[in-house]
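Q: Shown below is the structure under consideration.
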Amino acid sequence: MTCILVIDDEAPLLEEVSENLRFEGYVVLSASDGQQGLELAIGEVPDLIICDVLMPKLDGYGVLLGVRAEPKLVNVPFIFLTARTEKNDIRRGMALGADDYLTKPFTLSELLESIKARLEKKQILERDYEQKLEDLSQSLIQAEERFKIKSKFISMFSHEFRTPLTVIISSINLIRDYSDKLTLEEHQIYLKHAESAALRLSQALDDILLIGQLETSRFNFRPELIDISNYAESIISEMRLTMGAKHKVVFASNFHGVLLADLKLIRQIFSNLISNAIKYSSFGSKVLIEIVAEGDNCVIKVKDEGIGIPPEDQANLFEPFHRANNVGEITGTGLGLLITKQAVEMHKGVITFESTSGIGTTFYISIPCNTTSN
């Protein structure tokens, strides 16, 4: 059943609207102030939100910003109820992402019409999106492999960019406009939302640009002699600063020579493998990175104690946009391992792995010590 959240500090109106909506067959949640309403919205994820503008603790604009700052609430229809009819107030609400604006007093029929229109529009958009996915699926069946990859890229691009951008903008606006009403903990939560979304966006953009260069042979491969052990240690030190103490990252090397390699691609190899090891492992687990000399090869090993890769997914692990069926809600573009494999192959190396579900995964990179440009 359709769930509607009603937020209003006027108790008689809140009760009347809630009762009328229940009589119409909706499941109704109610809150008597903005802060309570925002917390309820985040916890319950309703299908539509009806919210007063002038309220204590957190006004309607603040609630709307908080809603749009939550990834799971970005597309929930939002209707304002208010006695304020100035055009500037209406523009402000619409600019922040409101879907409709009803002025008090309003009739039940006006409210129901607005709800019906917003829910129908949401359903149309969802059906349109599903139809586009179906059309895309049919096109993929008939098209060539490269067209399939490009089509998947379009779908991934929309998801990986639009949601983080909305979270960043709404979080920043919320902190800017309601700084005096937010607790220190709430400040940190919204800053963390924005930071995480920005990092996700940056990584997705880097992956997309690099895979485009690698796929079209436009990447400028520039090998130079590097102390691979020192370079790896510097990358790992940088990553420790961002990951904090959530994981125990151990680095060891007995490789004392130099390697002819492209600095950008080597950074991609280490960053992708270590990031994956951390992303798919529980807090407090260990990630081991080793560099060893084996004959004429430099071998890099990255071992984690994470969720592992199911056997049925292992054959397609390096395919573009492929993600294992056990990743759940862990975000990702599905491009990291493809980039890693192509980066290794540009160094005339090979990448292999061993993995057991629930125990962990180990990746092995073997690069000839006399690597030269293709």
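The values are calculated or read from the model by the stated rules, or taken from the named source; none is laboratory data. The structure presented is a predicted model; accordingly, all values stated were derived computationally and were not measured. So basically every Cβ, Gly included, is an ideal-geometry build from the backbone, and we count neighbours across all protein chains shown.
Q: Filter the stretch 62-103 for residues that are touching a residue at least 40 places away in the same chain (Cβ under 8 Å) and in contact with a Ser or Thr (Cβ under 7 Å, 6 or more places away or on another chain); which is surrounded by the most Cβ atoms within 10 Å (Cβ to Cβ)?
A: 69
Q: Would you be able to say whether some residue in the stretch 291-311 is crowded, with 21+ Cβ neighbours inside 10 Å and in a helix (DSSP H, G or I)?
A: No, every residue in the stretch 291-311 fails to be crowded, with 21+ Cβ neighbours inside 10 Å and in a helix (DSSP H, G or I).
Q: In addition: Just to verify a result, which residue in the stretch 351-365, among those that are of a type in the set (Val, Ile, Thr) and in a strand (DSSP E or B), is nearest to residue 266 (Cα to Cα)?
A: Residues of the stretch 351-365 of a type in the set (Val, Ile, Thr): 351-352, 356, 359, 361-362, 365.
From what is left, the residues that are in a strand (DSSP E or B) are 351-352, 356, 361-362, 365.
Working: 351: 13, 352: 16, 356: 26, 361: 20, 362: 18, 365: 11 Å.
The extreme case among them is 365.
Q: Among the residues of the stretch 334-343, are any at pLDDT 90 or above, of a type in the set (A, V, I, L, M), touching a Ser or Thr at 6+ places or on another chain (Cβ under 9 Å) and assigned by TED's automatic domain parsing to the domain that holds residue 275?
A: Within the stretch 334-343, not a single residue is at pLDDT 90 or above, of a type in the set (A, V, I, L, M), touching a Ser or Thr at 6+ places or on another chain (Cβ under 9 Å) and assigned by TED's automatic domain parsing to the domain that holds residue 275.
Q: Given the conditions (1) outside any helix (DSSP H, G or I); (2) at pLDDT 80 or above, report the number of the one that residue 119 does not fulfil.
A: Looking at each condition in turn, residue 119 falls short on (1).
Q: Quickly run through the stretch 278-290 and pick out the residues that are surrounded by 14 or more Cβ atoms within 10 Å (Cβ to Cβ), of a type outside the set (Asp, Glu) and either in contact with a Lys or Arg (Cβ under 8 Å, 6 or more places away or on another chain) or assigned to a loop (DSSP other than H, G, I, E, B) (or both).
A: Those that are surrounded by 14 or more Cβ atoms within 10 Å (Cβ to Cβ), of a type outside the set (Asp, Glu) and either in contact with a Lys or Arg (Cβ under 8 Å, 6 or more places away or on another chain) or assigned to a loop (DSSP other than H, G, I, E, B) (or both): 278, 280, 281, 285, 286, 287, 288, 289.
Q: Please verify whether residue 172 is of a type in the set (A, V, I, L, M, F, W, C) and at pLDDT 55 or above, treating the condition exactly as stated.
A: yes
Q: Could you identify the single residue in 217, 158, 151 that is of a type in the set (Gly, Ala, Ser), at pLDDT 70 or above and either assigned to a helix (DSSP H, G or I) or out of contact with any His (no Cβ under 6 Å at 6 or more places or on another chain) (or both)? Walk me through it before giving the result.
A: Details: 158 fails: at pLDDT 70 or above; 151 fails: at pLDDT 70 or above.
The unique qualifying residue is 217.
Q: Here is a follow-up. Can residue 284 be described as out of contact with any His (no Cβ under 6 Å at 6 or more places or on another chain), among the small types (Gly, Ala, Ser), within 24 Å of residue 195 (Cα to Cα) and at pLDDT below 85?
A: It is true that residue 284 is out of contact with any His (no Cβ under 6 Å at 6 or more places or on another chain), among the small types (Gly, Ala, Ser), within 24 Å of residue 195 (Cα to Cα) and at pLDDT below 85.
Q: Looking at 39, 10, 19, which one is within 24 Å of residue 71 (Cα to Cα), assigned by TED's automatic domain parsing to the domain that holds residue 114, surrounded by fewer than 20 Cβ atoms within 10 Å (Cβ to Cβ) and of a type in the set (Asp, Glu)?
A: 39
Q: When only residues in the stretch 244-277 that are within 20 Å of residue 210 (Cβ to Cβ) and free of Cβ contacts under 8 Å to residues at least 60 places away in the same chain count, which is surrounded by the most Cβ atoms within 10 Å (Cβ to Cβ)?
A: 274
Q: Restricting to the stretch 178-197, what's the tally of residues that are assigned to a helix (DSSP H, G or I), exposed (fewer than 11 other Cβ atoms within 10 Å of the Cβ) and of a type in the set (Ser, Thr, Tyr)?
A: 1
Q: May I pose another question? What helices (runs of 4 or more DSSP H) completely inside the stretch 1-103 contain at least 2 residues that are within 25 Å of residue 180 (Cβ to Cβ) and not β-branched (Val, Ile, Thr)?
A: 34-44, 60-68, 87-95
Q: Same structure again: Could you pull out the residue among 112, 136 that is modelled with pLDDT of 75 or more and out of contact with any Gly (no Cβ under 6 Å at 6 or more places or on another chain)?
A: That would be 112, the only listed residue that is modelled with pLDDT of 75 or more and out of contact with any Gly (no Cβ under 6 Å at 6 or more places or on another chain).
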